[in-house]
1. So residue 77 passes all but one of these: (1) modelled with pLDDT of 95 or more; (2) more than 20 Å from the chain's Cα centre (by Cα); (3) more than 16 Å from ligand 1 (Cβ to nearest atom). Which condition number does it fail?
2. Quick check: is even one residue across the stretch 42-64 buried (at least 16 other Cβ atoms within 10 Å of the Cβ), more than 16 Å from ligand 1 (Cβ to nearest atom) and either at positive phi or outside any strand (DSSP E or B) (or both)?
3. Here are some conditions: (1) buried (at least 16 other Cβ atoms within 10 Å of the Cβ); (2) touching a strand residue (DSSP E or B) at 6+ places or on another chain (Cβ under 9 Å); (3) outside any strand (DSSP E or B). Residue 299 meets all but one. Which one does it not meet?
4. Kindly indicate which of 241, 260, 247 is surrounded by fewer than 22 Cβ atoms within 10 Å (Cβ to Cβ) and more than 16 Å from ligand 1 (Cβ to nearest atom).
5. Among what's in the stretch 169-180 and is under 17 Å from residue 293 (Cα atoms) and not in a loop (DSSP other than H, G, I, E, B), pick the residue that is nearest to ligand 1 (Cβ to nearest atom).
6. Taking residue 146 and the conditions (1) touching a residue at least 60 places away in the same chain (Cβ under 8 Å); (2) in the same structural domain as residue 17 (by TED's automatic domain parsing), which numbered condition does it fall short on, given that it satisfies the others?
7. Take residue 336 and tell me if it is in the same structural domain as residue 173 (by TED's automatic domain parsing), closer than 15 Å to residue 148 by Cβ and surrounded by 15 or more Cβ atoms within 10 Å (Cβ to Cβ).
8. Would you point out which residue out of 124, 100, 118, 85 is within 11 Å of ligand 1 (Cβ to nearest atom) and at pLDDT 95 or above?
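The values are calculated or read from the model by the stated rules, or taken from the named source; none is laboratory data. Remember, predicted model here, so these are calculated numbers, not experimental data. Heads up, the Cβs are rebuilt from the backbone with ideal geometry, glycines too, and the neighbour counts pull from every protein chain shown.
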Ligand code: FES
Ligand SMILES: [Fe+2]
């Protein structure tokens, strides 16, 4: 796919933190790099290149030894520590060649997520990780999480979340009813790596999925749809409504993460994590879950994959996409990402 140079000096989500059980090995390809994740002896997540330097077996098919201190290759038993150095050779005299090493990567566990730095580990800057503590703090009975591997470029997913007018069409009848499209978004530039776009409306009924949870369903509301994108592909989305004229705190609010990490060119890991400040109980959660999943699994994912099939391997801009008023956030994000990648290439 043309135009696919990844941003390297950046954090990408590698998964939910609880996907990585102590003692386990998690294989995951990010940005075309096969990686193996595990927890070291102190429980801290680590990542190594998932390819043994001997005959290139996947280390993720091996075993974690010494309580997490080393990974043993499944094929001939070389062991590598969390820094990627070979620490045990069961063959011959046991001498360890200098070249017997795999690359190690920087990983941080924060707010219930695994963050992987795609550049040199020494350059990893944890201050660049966005604060998602509010989502992490939400009660389990107000939380819906999921993973959707999607056959599309990761930037299409950012376009999707940064232009929530699609809810009025693709999710008409559940998450959208036209109010977003009828309102004018406000764009805020948050520096070279971030942008925020907010839609606000007043006097419209809330979409069905929200209206049902208002104190007085059916009444006119004030609504907000508020997305902050951080390069390369993480988004925090707040959507909510309150009865018209009432304070936001009296209404219903949702706080949602949409996390896109390229697996390869044209394939994206997509994690979503949706939380809310209402209907906090297991029965409500069980009732809301299929509504959310239907939108993501049956509507967004097929649309993203269908778009990608139409785009094929063409460069997005080469197709001269028509620009609409609602594209302001998505286009700004793409321009920022292009600028960051160009700056890295020039450096
Ligand atoms: S392939 Fe790993 S030890 Fe041989
Ligand atoms: Fe959607």
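1. All conditions are met except number (3).
2. No, the stretch 42-64 contains no residue that is buried (at least 16 other Cβ atoms within 10 Å of the Cβ), more than 16 Å from ligand 1 (Cβ to nearest atom) and either at positive phi or outside any strand (DSSP E or B) (or both).
3. Unmet condition: (2).
4. Numbers: 241 fails: surrounded by fewer than 22 Cβ atoms within 10 Å (Cβ to Cβ); 260 fails: surrounded by fewer than 22 Cβ atoms within 10 Å (Cβ to Cβ).
One residue alone meets the criteria, 247.
5. Only one residue tops the list, namely 176.
6. Among (1) touching a residue at least 60 places away in the same chain (Cβ under 8 Å); (2) in the same structural domain as residue 17 (by TED's automatic domain parsing), the lone unmet condition for residue 146 is (2).
7. Values: in the same structural domain as residue 173 (by TED's automatic domain parsing): yes; closer than 15 Å to residue 148 by Cβ: no; surrounded by 15 or more Cβ atoms within 10 Å (Cβ to Cβ): yes.
It is false that residue 336 is in the same structural domain as residue 173 (by TED's automatic domain parsing), closer than 15 Å to residue 148 by Cβ and surrounded by 15 or more Cβ atoms within 10 Å (Cβ to Cβ).
8. Details: 124 fails: within 11 Å of ligand 1 (Cβ to nearest atom); 118 fails: within 11 Å of ligand 1 (Cβ to nearest atom); 85 fails: within 11 Å of ligand 1 (Cβ to nearest atom).
Step by step, each of 124, 100, 118, 85 is checked, and only 100 is within 11 Å of ligand 1 (Cβ to nearest atom) and at pLDDT 95 or above.
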